[in-house]
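Here's the structure, in structure tokens; my notes come after.
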Amino acid sequence: MLSFILILFSCYFLEAQPTENEDPTANYKFRTGEHLDFKLSYGWFTVGKASLDIDDNFHSYKNEDCYKVEIKGETAGFLGVFTHVDDRWGAYVKKEDLLPMHAYRNIEEGKYVREERTYFDHAQGKVEVMRYDPRKEKRNPKRMYEIKGDVYDLMSSYLFLRNVEFEKYRKGDTIRIKTFYEDELYNFELVFNGKEEIDSKVGLLQAYKVNFLVPPSDIFPNEQGIVAWISADTNHLPLRIEAEMFFGKAYCDLTGYRNIKYGPDYQ
């Protein structure tokens, strides 16, 4: 469940690097301490909830100041009667350029339990992945992968999303970005489809509409079946994600937030 929302987040990238000697955080549209709440639903049924937090403080990781970003997801409503999900995904992301340093996943879905640790070495063009069942003493061997250029994970891609300057793009423009996920390097594509008004869970707002280009599959039958709306304001909040899947439409809706950089809380 949580992997679904994060895969969708990962498709929102554009390059927005700070100028030399400029404090990069000054232009970021998020800040430390931010908290967002989401509802996951299928049709009329609520199937889960998630929260996304940027830690209150910067963390030092290999002598780099980093944001610590974490998303938590669990079942809710009707689905929670039949199964239990408690997932945590997080990353340490460099303050300077929003590239990931270390990412982690703690997955608990029914009887399935898995932990994963991913380490990025951008200077050497390497990614190291450790994946294991914490209930077992025997651990799988590390896996090493080569990368070139700026490569993001899912959590760092979310932060990059927040800094996209959609005003600079025309309807129909396509953006491409490289993301490492599940032992593979993906070249995600995003199509900008202008601005429209959306009646979101946090109010009637102007929003940027974007489509993800995904190869048709058993899960996503339509190439442009995933649509997202991002608030057309100074915060660029992810208001709604709608996905046409083989079993129908699934939704991820922002339901509340606090400590955003611009504006009051909504709870």
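The values are calculated or read from the model by the stated rules, or taken from the named source; none is laboratory data. The structure displayed is predicted, hence computed values, not measured ones. Positions of Cβ are generated from backbone atoms using ideal geometry, with glycine treated the same way; all protein chains shown enter the neighbour counts. Each accessible area value is taken on the protein alone, full model and side chains, heavy atoms only, with ligands, DNA and RNA left out. Shrake-Rupley method; radii C 1.70, N 1.55, O 1.52, S 1.80 Å.
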(request) Lys and Arg at +1, Asp and Glu at -1: add these up for the other residues within a Cβ distance under 13 Å of I241 and post the number. (result) +2
(request) Quick one: net charge around K195, please, counting Lys, Arg +1 and Asp, Glu -1 for every other residue with C-beta under 12 Å from its C-beta. (result) -1
(request) Would you mind calculating the gained length between E96 and Y262 on full extension (0.36 nm times residue separation, minus the Cα-Cα distance), in nm to one decimal? (result) 57.7 nm
(request) Compute the length gained on full extension between F58 and E189: take 0.36 nm times their separation in residues and subtract their Cα-Cα distance, giving the result in nm to one decimal. (result) 44.1 nm
(message) Give the lysines reachable from K138 as a straight Cα distance under 21 Å; neighbours fewer than 8 places away on the same chain don't count.
(response) K111
(request) Under 15 Å from a label point 7 Å along Cα→Cβ of H35: give me every residue in region 227-256 with its amide N that close. (result) 255-256
(request) Would you mind getting me the FRET efficiency between E167 and Y145? Use the beta-carbon distance for r and R0 = 25 Å, nearest 0.05. (result) 0.10
(message) Based on C-alpha coordinates, I'd like the Rg and Dmax of region 59-162, in Å.
(response) 15.5, 47
(message) Solvent-accessible area of W229, probe 1.4 Å, all protein chains present, reported in Å² to the nearest ten, please.
(response) 20 Å²
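On a full-extension model of 0.36 nm per residue, what is the gain between R88 and S51, subtracting their alpha-carbon distance, rounded to one decimal in nm? Mind dumping the intermediate values first?
On the way: separation 37, 0.36 × 37 = 13.32 nm, distance 0.98 nm.
That works out to 12.3 nm of additional length.
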(message) Using all alpha carbons of region 108-151, what is the percent of pairwise distances in each 10 Å bin, ordered from the shortest bin to the longest?
(response) 25, 40, 25, 10
(request) Round to the nearest 10 and report in Å² the accessible area of H122, as given by a 1.4 Å probe over the protein chains' heavy atoms. (result) 50 Å²
(message) Tell me the accessible surface of E197 in square angstrom (1.4 angstrom probe, heavy atoms of protein chains only), to the nearest ten.
(response) 110 Å²
